[in-house]
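Quick notes on the structure that follows.
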Amino acid sequence: MVRAKTNAPRRKMSAEAHSPTPFEVTHGIFVVRTNLEGRFTYANRAYLAYMGLESLPAGTSALDQVEPTERPRVLAAAKQALKHRGQPVWLEFGKLRPGLAWSRSRWEFVAVCDASGQPIELQCSGYDVSDSYRQERFREEVTALLAEALQQDSQPEALLRRALEAALGMVPVAQAGSVTLRGPDGRFHFVAAQGYDLAALSQVSLDPSEPLSLSRHIQARVFGPADLAGFNARLDPKRREILEKAGCSDRIQAMLSVPVVVAEEPRAYLYLDHFERGDAFDALDLRQVEALAHYLALMLQESDLQQHLLHLRYHDPQTGLANLRLLLERLGGRLATRRRQDAAHLALLAIRIPALERLQELFGPLGRSAAVQTAARRILEATRFGDLLAWDVRQFWLLLGGLARPEDVLPIVERLQQALSLPLLPGWEGYTSTPMLGVALAGPETSPEDLLQQAEAAVGQASRPGMVVFFDPALREALQEERWLNEALRQAISYRQLELYFQPVVELGSQHVQHLEALLRWPHPERGFIPPTRFIPLAERQGWMAELGDWVIAEAARKAACWGVPIAVNLSASQLTPTLPQAITAHCREAGIGPEGLVLEITESQALEPTALGVLQALAEEGYALHLDDFGSGYSSLEQITRLPIRAIKLGQGFLSSLGEDPLPESPTARVLTAVKSMGEGLGLEVIVEGIETKAQHRYLLAQGFRFGQGYLLGRPADARGTGRRLKQRR
């Protein structure tokens, strides 16, 4: 079976040169001989029958009958036998048997030597181990699968993925495979695949009631092309296309399908596929896969039981909500993460509804249970994704994470009070369900138990429904500040105490004012100027931005008419409604200016909202110039930006800050600026650079060909009187 150089004279051998008597009488033992070039010189009848041959083709290479992937190993074994004469070398490998997709046999390699001890031939004796090999693989795979299931709490999806790997290992003829699992909707969904695109298959679900469905039999079966074609023909076009394209269902010649039955119902289906032969799978394959499905059913049943016990351990049986055990564990993890990563603020709310006790007196435990369920649903509707709601017989607990500021808990408190203001049961309108709330904010060294006790103590201090008690002093101070700010802003908007300041956008070369940007300012008589970053988000939360934004547009239109200079106005997300174009046009008509008198600035996040695109298109069609503000500071999608009807992009101040006071042309930021400029010009957009503060930056931008800019160097924001004087001076 190999080629090896030797100085010994060659003996010409043939099948007739050997006495057939010792080997021809055997039926289960295969005997072959090859010369030193690896070509057959003899094969007994048992081997010829095993390979499906009438006679041995003269001069055939023994390696031609070996699986291609096994040939290097066979060649190495032959060389070892010739090198160590008299010492047998054993090897197990696959043979290419006509009519069979797969086989396995075990062989002994022994060198045949002449009288001088030189090797002249190689004798190989073997026997078929296909079935025993598959049975051993079955034992190994099932043992490994059971061991993994015992060592870790496997979810059904993970268990089925590992089971598919085991099935492919124990059924060698399988060339690909997949698994479906019955979901909560009662349909079977693909959760594992080998040789296929699982992401595509996961878009398909199979209904058990569909004809054939590949999931209505209760024993292992082999389906052929006609079965699969008939099934696919009854599917809707989308699922059929996915199964044929991603699942190769139109190329499968044999599909071995076996159900995994749990509690007398199919829970999952395991599919093994072969693409070349319709008779690839034999009876042993079916028996072994059925046995695997039996073990898998036991493991899924055990997993279901573990999940049920785990759910009972960590959830309240009445509501299905988390209990205190889960709350404390989750709270401990959040606190540890917060200490390690200096994460956002963490708060715990105790929510007590006094009327629940009265309800039990009137309607009994069932009525109280129904009210608790209703209250839980309303609380969950008022919370955010990731918040944890728990119940412990007498009150709810709400764990809030990801708070940027302590006072961010206040809007959530307001939503909870509103959600629980309605009666919890029909006919119970006479009894208020307004809760009492206790709030505790986690400190640097707060433990889960401490935070629980603090929230409990806070809600215990609430003396009436609707009352909110804050345990943490810092949060109490923040609450007072937030309440003051809320009331002061409400009055400032009502009495028009906010002002517009204006900052010029100029042509960098001529210093000519291109337009002015209107900036909202709040001068408070006692606290000075309150930053927009504080009061604008509050106005958004309270729903005041529509009124405030409308006033800004009207005031800007009047100033544009007075000064003869276009004025840019920043639009908020809440203003981008279908009625906005009509409202802006009305203000411009009243001020006596056309659309060219206003520039409307929007941010990337607002512009890329699907609902905003129609409003922006309408504004552009009316003739208003749209500028994309703070370009590069958000999650820009160039593909979508090209769809926006904008005329200019404003580069956020971060570009100039990174560029430095004395820009270097070869710096990374400088190269990015140049690239953005080229992109803007390529899209036919003006590029406005914000944050110009030094003469060196001004010179650099001029040298690079930038036309427009804004910044303290070119003009600081000024009120209406100061802006009017500035415009007169520039003229």
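Tabulated data
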read-out: Acute angle (nearest 10 degrees) that the helix 130-151 long axis makes with the longest principal axis of the chain, alpha-carbon atoms; value: 30
read-out: Angle between the chain longest axis and helix 156-170 axis [Cα atoms, degrees, rounded to 10]; value: 20
read-out: Bridge type composition, the chain - antiparallel percent by DSSP, nearest 5; value: 75
read-out: Rg followed by Dmax, in Å, when region 378-504 is reduced to its Cα trace; value: 17.7, 62
read-out: With Cα atoms, 0 to 90° folded angle of helix 409-419 axis to the chain main axis; value: 90
read-out: Rounded if a/c under 1.5, otherwise prolate or oblate - region 619-731, Cα gyration tensor axes; value: oblate
read-out: Gyration tensor (alpha-carbon) shape descriptor, region 490-649, a/c threshold 1.5; value: rounded
read-out: Å² of accessible area per residue within the chain, as computed with a 1.4 Å probe and no ligands counted; value: 49
read-out: Apportionment of accessible area to carbon and sulfur, region 474-596, percent (1.4 Å); value: 51
read-out: Solvent-accessible area, 1.4 Å probe, carbon plus sulfur percent, for region 71-145; value: 49
read-out: By average C-beta atoms within 10 angstrom, highest first, the peptides 282-294, 130-142; value: 282-294, 130-142
read-out: Fraction of the pair-distance distribution of the chain above 47 Å, Cα-Cα pairs, percent; value: 53
read-out: Nearest-10 value in Å² for the accessible area of His512, using the 1.4 Å probe; value: 110
read-out: Region 160-267, accessible surface, carbon-and-sulfur percent (1.4 angstrom probe); value: 48
read-out: For the chain, calculated [θ]222 nm from helices alone, where every DSSP H run of n ≥ 4 adds -39500 (n - 2.57); value: -13500 deg cm²/dmol
read-out: Among 400-412, 715-727, the order from most to least packed when residues are scored by Cβ within 10 Å on average; value: 400-412, 715-727
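The values are calculated or read from the model by the stated rules, or taken from the named source; none is laboratory data. No experiment lies behind these values; they were computed from the predicted model shown. Virtual Cβ from ideal backbone geometry, glycine too; neighbours counted across all protein chains shown. The protein model used for the area step is the full one, side chains on, heavy atoms only, and it has no ligands, DNA or RNA in it. Shrake-Rupley method; radii C 1.70, N 1.55, O 1.52, S 1.80 Å.
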